[in-house]
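Colleague: Mind looking over this structure? Questions follow.
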Amino acid sequence: MKTAIPISKHSKLLLLKPQSASYILTRHLSAEANPQQRPQEDDSKINQAVQLLLQNPHQEWPSNQPLHSLLFSSPSPSPRFLYNVTRNLASSVLALDFLRHLRQNSPSQDTHLLSYPFQALVELAGRELDAGSSLSELYQASKEWGIPLTINAAAILIRYLGRHKMVDESVILFNGLDPSLKNTHIRNVFIDVLLRDGRFESALNVLDEMLQPVSEAPPDKITGDIVLNGLLKGDRKGKNLGEENTIKLALSFGKHGVFPTTFWLTKMLSRLCKSGKINQAWNVLHELLTLRAPLETPPFNVLFTGLGRSGDTKRMNTLLAEMKESRIYPDAVTFGVFINQLCKLRRVDEAMEVLNKLGEGNGSDGVSIAADVIMYNTVIDGLCKVGRQEEGLHLMERMRSMKGSEPNIVTYNCLIDGFCKAGEIERGKLLFEQMNEDGISPNVITLNTLIDGMCKHGMINSALEFFNDMQGKGLQGNAVTYTTLITAYCDLGNIAKAVDLFDQMLTSGCSMNAMVYYSLISGLCKAGRMDDAGNVLLKLKEAGFRPDIVCYNSLVRGHFKENMVNKAYDIIKEMLEAGMKPDSVSYNTLIAYFCKTGDLELADEAMKEMNNQGVVPTIATYGALIHAYCSNGKIKEAMKLFNDMNSLSKIPPNTTIYNSLIESLCKNNDIKGALSLMDDMKAKRVKPNTTTYNAVFKGLREKNLLEDAYRMMEGMIVHACNPDSITMGILREWLSAAGKSEKLQSFVQGNRVSPR
């Protein structure tokens with residue numbers, strides 16, 4: 001009989017020692033033990049046989065009496081003996097010759113005796129380069145010679161054929177195995193091969209057989225790990241389990257007592273939550289709860305985070321109650337996530353309630369966790385963000401009595417930021433003094449918070465004075481500090497002071513960044529001081545700085561703003577000569593200018609050129625064009641571009657684009673279309689802002705649609721969207737005239753407007 005094994009191909013390959021990683025991996029993955037050593041069997045006989053085989057050409061093996069005696073003496077050698085002799089030969093070619101020798105010269109006709117040397121041959125061949133075809137031919141030889149495969153040999157063949165991209169051969173081999181060999185281990189190996197090749201459906205078919213109630217090869221922990229790994233790698237081959245199949249799979253595994261580890265479950269739920277599949281994550285976890293899986297806290301924390309991001313506080317509370325019922329105790333991370341998400345949703349009262357229940361951690365409700373300084377700071381920050389700084393101060397006083405949760409620099413920074421944003425700069429400065437008295441040293445964040453607050457509320461000189469005072473006391477500013485001051489002075493038109501600050505920054509040793517250059521040049525350009533901007537650019541070049549794309553874009557934008565079109569093109573030319581290719585900001589600046597002048601044809605051409613140069617249009621590109629169409633009364637063209645953006649581009653529309661369309665539709669008395677776009681925003685998880693609601697309120701007022709207005713008012717509360725003076729003006733006039741002032745009062749207080 002002939003077997004087409006390419007002998008010369010592997011003749012130069014060395015044997016991998018048993019201590020190699022491949023050997024250890026093979027042993028680790030084996031469900032069947034290798035041939036056991038007979039009691040007191042002398043390993044020296046194995047070494048002697050190997051030496052005789054290596055020292056003599058294989059043609060002389062039949063006539064070598066010592067070798068014949070070792071191999072065929074009575075009693076017959078053990079499977080371990082033949083396995084280890086084969087495994088220690090120099091190559092798979094020599095091992096194949098040895099197998100032929102055993103087959104042709106053994107007095108026994110029992111082919112089962114050859115199973116273990118064949119397994120060793122497969123192990124050797126599998127480690128060699130380009131082993132795929134050799135393994136396939138070895139399998140065919142085993143069938144022709146009638147050598148039964150061991151479980152390990154079958155597993156190695158399936159695995160290595162898969163690694164060599166010969167998955168079809170792995171499938172043929174698996175299907176041809178004796179049913180008694182298709183145990184859990186073999187099926188695990190086969191499923192792993194199928195998943196790695198993207199044959200998801202085929203892998204699930206094998207898994208379905210394992211999951212049958214009377215299966216003789218039920219799944220084990222390794223099965224679960226393999227399948228979960230395939231699931232978590234997602235759309236590697238364009239396959240996806242989907243919500244229904246994920247739940248079904250979790251249930252089926254659970255019926256066999258196989259559950260995902262905390263690591264895999266946490267990772268899987270995190271992936272689902274990040275992709276917005278909160279319901280699927282919820283169902284998976286609850287199926288496992290029903291099956292009484294040994295669940296731990298981390299997966300619940302992941303689901304808490306996902307629910308919080310989607311604003312689903314009702315299910316967050318339900319999940320917390322279910323944890324306690326199942327004796328899965330929340331930890332500090334759980335309550336930290338819970339409090340943080342509530343504060344982000346502006347549900348500060350609920351966050352306070354959770355914090356108060358923790359108290360000092362007295363163990364009530366099975367919880368023995370004390371609120372820590374991070375939780376207190378989170379709630380204080382949440383209070384400040386909704387304008388309740390005074391309550392934040394009271395909470396800080398409470399912290400002073402809590403051992404281990406005393407106020408720290410973060411506590412003070414949150415409160416100072418809250419008072420500064422509310423325009424209460426003096427209160428912020430008092431807190432600054434108090435923290436010094438408490439022995440808490442302010443940091444650069446504290447400094448920047450106060451300076452930013454002063455600048456935004458017109459106290460720019462006071463901000464500079466405060467900055468100089470702090471520098472004298474050793475608290476140095478950073479690039480953010482200088483950027484804030486430079487921007488503020490540029491906005492005032494005090495270019496000399498802005499340049500002085502820039503020079504001061506250069507000489508102070510403060511680390512420079514691109515934002516500082518951008519701030520100064522941008523400020524000059526916004527003020528229309530293009531000559532000054534050019535002088536600063538020249539000064540930067542003389543100092544050895546190379547203008548970056550941000551500098552050039554600011555200058556181009558400034559020149560266009562001042563209708564200095566030729567100068568703008570000169571800057572573009574200089575930018576190109578400097579080796580800088582226009583980026584999306586450069587093109588967007590051109591498109592914005594053309595849109596401003598009403599030349600929409602040129603704007604379209606610029607966008608086409610942008611695409612031709614491989615510069616991907618950004619949200620600003622689409623925003624400028626859609627806004628221009630809306631401003632020019634071309635709502636149909638704007639909607640067409642919006643629809644093209646949804647179907648052809650991977651860039652989702654943002655709030656600004658929706659605002660342009662909604663405002664234009666309302667002005668054209670198409671309130672139905674505007675409300676439809678609001679629904680589209682919700683479906684695409686685009687958060688409306690105050691401008692969105694103001695436009696809709698105006699449209700609703702024209703139609704006197706009060707019930708829709710109430711729904712919009714509640715939407716503002718849900719989305720943590722603060723009303724501005726325009727909002728209040730529209731609603732105050734409208735609701736007062738309709739005799740519904742109490743609705744406005746409820747809205748201002750953040751309460752429900754419509755009846756429950």
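Colleague: Any residue in segment 285-310 that's within 22 Å of N340 (Cα to Cα): show its pairings with residues that are of a type in the set (K, R) and in a helix (DSSP H, G or I) at Cβ separation under 6 Å, as long as the two are six or more apart or on different chains.
Modeller: If the second residue must be of a type in the set (K, R) and in a helix (DSSP H, G or I), the pairs left are L307/R315.
Colleague: Of all the helices (runs of 4 or more DSSP H) wholly in segment 135-227, which have at least 2 residues that are within 28 Å of F259 (Cα to Cα) and touching a residue at least 60 places away in the same chain (Cβ under 8 Å)? Quick ask: steps written out before the conclusion?
Modeller: Details: elements: 151-163, 167-176, 184-196, 200-210.
By residue number, 151-163, 184-196.
Colleague: Select, from L291, L358, L320, L295, the only residue that is closer than 30 Å to M399 by Cβ and out of contact with any Pro (no Cβ under 7 Å at 6 or more places or on another chain). Working first, answer last.
Modeller: Details: L291 fails: closer than 30 Å to M399 by Cβ; L320 fails: out of contact with any Pro (no Cβ under 7 Å at 6 or more places or on another chain); L295 fails: closer than 30 Å to M399 by Cβ.
Of the residues listed, the single one that is closer than 30 Å to M399 by Cβ and out of contact with any Pro (no Cβ under 7 Å at 6 or more places or on another chain) is L358.
Colleague: Would you mind telling me which numbered condition in (1) farther than 23 Å from P77 by Cα; (2) crowded, with 18+ Cβ neighbours inside 10 Å; (3) modelled with pLDDT of 85 or more E137 fails?
Modeller: All conditions are met except number (2).
Colleague: Please state which one of N611, N588 is surrounded by fewer than 18 Cβ atoms within 10 Å (Cβ to Cβ) and under 36 Å from the mean Cα position of the chain (by Cα). Step through it out loud before you land on a result.
Modeller: On the way: N588 fails: surrounded by fewer than 18 Cβ atoms within 10 Å (Cβ to Cβ).
Result of the check over N611, N588: N611.
Okay, residues lined up against (1) closer than 16 Å to I591 by Cα; (2) out of contact with any Phe, Trp or Tyr (no Cβ under 8 Å at 6 or more places or on another chain); (3) modelled with pLDDT of 85 or more; (4) surrounded by 21 or more Cβ atoms within 10 Å (Cβ to Cβ):
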| residue | (1), (2), (3), (4) |
| --- | --- |
| S522 | no, yes, no, yes |
| D532 | no, yes, no, no |
| G558 | yes, yes, yes, yes |
| K567 | no, yes, yes, no |
| D570 | no, yes, yes, no |
| E574 | no, no, yes, no |
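Colleague: Name the pairs: first residue in segment 339-353 and farther than 11 Å from I380 by Cα and of a type in the set (D, E, K, R), second residue surrounded by 21 or more Cβ atoms within 10 Å (Cβ to Cβ) and at pLDDT 90 or above, Cβ to Cβ under 8 Å, at least 6 apart or on different chains?
Modeller: Between residues of segment 339-353 that are farther than 11 Å from I380 by Cα and of a type in the set (D, E, K, R) and residues that are surrounded by 21 or more Cβ atoms within 10 Å (Cβ to Cβ) and at pLDDT 90 or above, the close pairs are K344/G382; R346/G382.
Colleague: Oh, and also: Quickly run through segment 389-409 and pick out the residues that are surrounded by fewer than 16 Cβ atoms within 10 Å (Cβ to Cβ) and among the charged types (D, E, K, R). Write out each step before concluding.
Modeller: Of segment 389-409, the ones surrounded by fewer than 16 Cβ atoms within 10 Å (Cβ to Cβ) are 390, 394, 397-398, 400-401, 403-404, 406, 409.
E390, E397, R398, R400, K403, E406, listed by residue number.
Colleague: Now for a different question. Please verify whether A125 is more than 54 Å from the chain's Cα centre (by Cα) and either assigned to a helix (DSSP H, G or I) or touching a residue at least 40 places away in the same chain (Cβ under 8 Å) (or both), treating the condition exactly as stated.
Modeller: Values: more than 54 Å from the chain's Cα centre (by Cα): no; either assigned to a helix (DSSP H, G or I) or touching a residue at least 40 places away in the same chain (Cβ under 8 Å) (or both): yes.
Considered against the rule, which asks whether it is more than 54 Å from the chain's Cα centre (by Cα) and either assigned to a helix (DSSP H, G or I) or touching a residue at least 40 places away in the same chain (Cβ under 8 Å) (or both), A125 comes out as no.
Colleague: Could you check segment 57-117 for helices (runs of 4 or more DSSP H) lying wholly inside it with 1 or more residues that are closer than 15 Å to T150 by Cβ?
Modeller: Working: elements: 65-72, 79-87, 92-105.
Because the criterion is at least 1 residues that are closer than 15 Å to T150 by Cβ, the helices (runs of 4 or more DSSP H) in segment 57-117 that meet it are 79-87, 92-105.
Colleague: Does E60 qualify as being free of Cβ contacts under 8 Å to residues at least 12 places away in the same chain, of a type outside the set (S, T, N, Q) and more than 23 Å from L181 (Cα to Cα)? Explain how you work it out, then say what you get.
Modeller: Details: free of Cβ contacts under 8 Å to residues at least 12 places away in the same chain: yes; of a type outside the set (S, T, N, Q): yes; more than 23 Å from L181 (Cα to Cα): yes.
Answer is yes for this residue.
Colleague: Please go through segment 174-193 and give me each residue that is farther than 15 Å from I222 by Cβ and crowded, with 20+ Cβ neighbours inside 10 Å, ordered by number.
Modeller: Looking only at segment 174-193, we keep the residues that are farther than 15 Å from I222 by Cβ, and these are 174-182.
F174, K182 - these are the residues of segment 174-193 that are farther than 15 Å from I222 by Cβ and crowded, with 20+ Cβ neighbours inside 10 Å.
Colleague: Now for a different question. Find all pairs meeting these conditions: Cβ atoms under 7 angstrom apart; at least six residues apart or on different chains; first residue within segment 381-392 and at positive phi and in contact (Cβ under 8 Å) with a residue 24 or more places away in the chain; second residue among the hydrophobic types (A, V, I, L, M, F, W, C) and assigned to a loop (DSSP other than H, G, I, E, B).
Modeller: G387/A422
Colleague: I'd like to check which helices (runs of 4 or more DSSP H) are fully inside segment 663-756 and have at least 3 residues that are touching a helix residue (DSSP H, G or I) at 6+ places or on another chain (Cβ under 7 Å) and within 29 Å of K636 (Cα to Cα).
Modeller: Values: elements: 671-683, 690-703, 706-718, 725-737, 741-748.
Hits in segment 663-756: 671-683, 690-703, 706-718, 725-737.
Table: residues versus (1) modelled with pLDDT of 85 or more; (2) part of a helix (DSSP H, G or I).
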position	(1), (2)
G254	no, yes
T266	yes, yes
L272	no, yes
A293	no, no
F300	yes, yes
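Colleague: Right, another one. Of all residues in segment 106-120, which are at pLDDT 85 or above and more than 45 Å from the chain's Cα centre (by Cα)? It would help to see each step written out before you state the result.
Modeller: Let us first name the residues in segment 106-120 that are at pLDDT 85 or above, namely 114-120.
Matches in segment 106-120: L114, S115, Y116, P117, F118.
Colleague: With respect to S462, determine if the residue is of a type in the set (S, T, Y) and under 38 Å from the mean Cα position of the chain (by Cα).
Modeller: Values: of a type in the set (S, T, Y): yes; under 38 Å from the mean Cα position of the chain (by Cα): no.
No: the conditions fail for S462.
Colleague: If I filter segment 241-252 for residues that are at pLDDT 80 or above, in a helix (DSSP H, G or I), surrounded by 18 or more Cβ atoms within 10 Å (Cβ to Cβ) and among the polar types (S, T, N, Q), do I get at least one hit?
Modeller: If we filter segment 241-252 for residues that are at pLDDT 80 or above, which is where we start, we get none.
Checked against the condition, which is being at pLDDT 80 or above, in a helix (DSSP H, G or I), surrounded by 18 or more Cβ atoms within 10 Å (Cβ to Cβ) and among the polar types (S, T, N, Q), segment 241-252 yields no hits at all.
Colleague: To continue, here is another question. Here is a list of conditions, (1) touching a helix residue (DSSP H, G or I) at 6+ places or on another chain (Cβ under 9 Å); (2) under 27 Å from R427 (Cα atoms), and G474 meets all of them except one; can you say which number that is?
Modeller: The number of the failed condition is (1).
Colleague: Among the numbered criteria (1) touching a Leu at 6+ places or on another chain (Cβ under 7 Å); (2) surrounded by fewer than 20 Cβ atoms within 10 Å (Cβ to Cβ); (3) among the β-branched types (V, I, T); (4) over 29 Å from L295 (Cα atoms), which single criterion is violated by V386?
Modeller: With respect to (1) touching a Leu at 6+ places or on another chain (Cβ under 7 Å); (2) surrounded by fewer than 20 Cβ atoms within 10 Å (Cβ to Cβ); (3) among the β-branched types (V, I, T); (4) over 29 Å from L295 (Cα atoms), V386 is out only on (1).
The values are calculated or read from the model by the stated rules, or taken from the named source; none is laboratory data. All of these numbers come straight from a predicted model, not from anything done at the bench. All Cβ positions, even for glycine, are placed from backbone atoms using ideal geometry, and neighbour counts span all protein chains on display.
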